Structures are given as C-alpha cells and as structure tokens.
Amino acid sequence: MIVWLDWPFGGGKTQTAHALLRRLPGSVVCDPEHVGFGLHRMLPPALRGDFQDLPAWRQGVFEVLDLAAARHPGVVLVPMTVTDPRYFAGTVGRLRERGHDVRHFALLAERETVLRRLRERGPGRGLRREGFAVSRLDGALAALRAPEFAEHLWTDRLPVSGVADRIAASAGLSLTPDPDGPLRGRLRRALVGVRHIRFG
C-alpha cells in the first residue's frame, strides 16, 4: 500500500508521515521532494522554478514509487503536496493504473491554523522564511477541497498522533500504541522539523 499525504506546504505532512513511520512496523518514508531537489541542483539557478512542472520529476516519482511499492514489503508513506490535477494524474493516477493500492489523504486545515504551524516550523524561522509556502497556501487549500483529492481529513483540532490514528483507521492499518507523552512528543516533532529544514 502507498499512503500519500497531501497537505498545503508546511501544513504537517512530514510530521504525520514520521508519526506513522514510528508506529507502523515495516513502513518507509519515500519523499518526492528529494527527486525535485536533485533536479534543481542539476539546473542553473536562473532556470529553477517549480520542479513539479518538470516532466522528469513526475516520471521519476512514478518510477521510484512503483519500484518501492512493488518490492518493499511494508507500507510506503509519501508526504508530498500535489494540487495540480494534471500532476496528480501523472503521479497518483498512474500508480493506481499500475495496480497499486494508493490511499490519498488531503489533510486540510483553516488558513490561520496552517499559518500558525508555519510560524512554529523550525527554530527562529517565522513566516519571513516561509514565503514560498505562504504564497501557495490559498491556492493549495482551495485545490485540495476538490473531489479528486479525497479522502479529505480536517486537522485543525487534531494533534499529529490523532491525524495518524485517523489515517490508519481509514486505510485499515494497525498502529502500535503511541508511547510519547506531551513533552516527549513535542521534542520529537521539533527534531523532525529541524531535520527537514530546507535551505534552498
């Protein structure tokens, strides 16, 4: 099974993926951003735009996830924002056509909730360092409400562990108990956030 977590940029996809990873034995996180960053590094800076616009990104994501889902015995967790229906069809759609069981979740929240999460992401970053995410926020929230991006899950009043529980229940997956108390959970989320800071 592939569990694809789609969320406005900075909304908590990576935190949720790692919460599932900790509680879902045998699972693995496959992050399509790595394909995009690799393509960006190959291009001169002046030619770097949205890497999702590159057919090579969509083809690379499809090929890697097709291989991972076919050969890896556990669940493949994919934290990636895709809001363009054409690019959705070229990744999630193609994987489904290939015969993979892809469970797609659009993890939604109100605009102020996402902005608060962006402010809290990474030490000392604030919204000034989140220009790309903020510029795409309204479009992403609107696009992900469309029927083709279901299943929709509103997360405003759910902690990360609660979001993981809801996803697992919907996908028919059994999670191990969450061992983290409030303090340990907060520290763990901070560590995941620091490890996934993007420096351009």
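The values are calculated or read from the model by the stated rules, or taken from the named source; none is laboratory data. These figures come from a predicted structure and were not determined experimentally. Methodologically, a virtual Cβ is constructed for each residue, glycine included, from the backbone with ideal geometry; neighbour enumeration extends over all protein chains shown.
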Checklist entry - Quick check: is even one residue across region 57-69 among the polar types (S, T, N, Q) and closer than 28 Å to GLY172 by Cα? => result no
Next on the checklist: When you check ALA133 against the structure, is it at pLDDT 70 or above, closer than 30 Å to GLY90 by Cβ, in contact with a Gly (Cβ under 6 Å, 6 or more places away or on another chain) and surrounded by 14 or more Cβ atoms within 10 Å (Cβ to Cβ), yes or no?
Outcome noted: yes
Item to check | Qualifying residue in region 38-54 (condition: in contact (Cβ under 8 Å) with a residue 60 or more places away in the chain and assigned to a helix (DSSP H, G or I)) | outcome: no
Checklist entry - Among the residues of region 49-68, how many are surrounded by 16 or more Cβ atoms within 10 Å (Cβ to Cβ) and over 18 Å from PHE88 (Cα atoms)? => result 1
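Going by the structure shown, is ALA68 modelled with pLDDT of 95 or more and either among the small types (Gly, Ala, Ser) or under 17 Å from ALA143 (Cβ atoms) (or both)?
In short, yes.
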Next on the checklist: Out of everything in region 73-100 that is assigned to a loop (DSSP other than H, G, I, E, B) and out of contact with any Ser or Thr (no Cβ under 9 Å at 6 or more places or on another chain), what residue ends up being surrounded by the fewest Cβ atoms within 10 Å (Cβ to Cβ)?
Outcome noted: PRO73
Checklist entry - What are the residues in region 127-173 that are under 16 Å from LEU77 (Cβ atoms), without any contact (Cβ under 8 Å) to a residue 60 or more places away in the chain and in contact with a helix residue (DSSP H, G or I) (Cβ under 8 Å, 6 or more places away or on another chain), if any? => result GLU151, LEU153
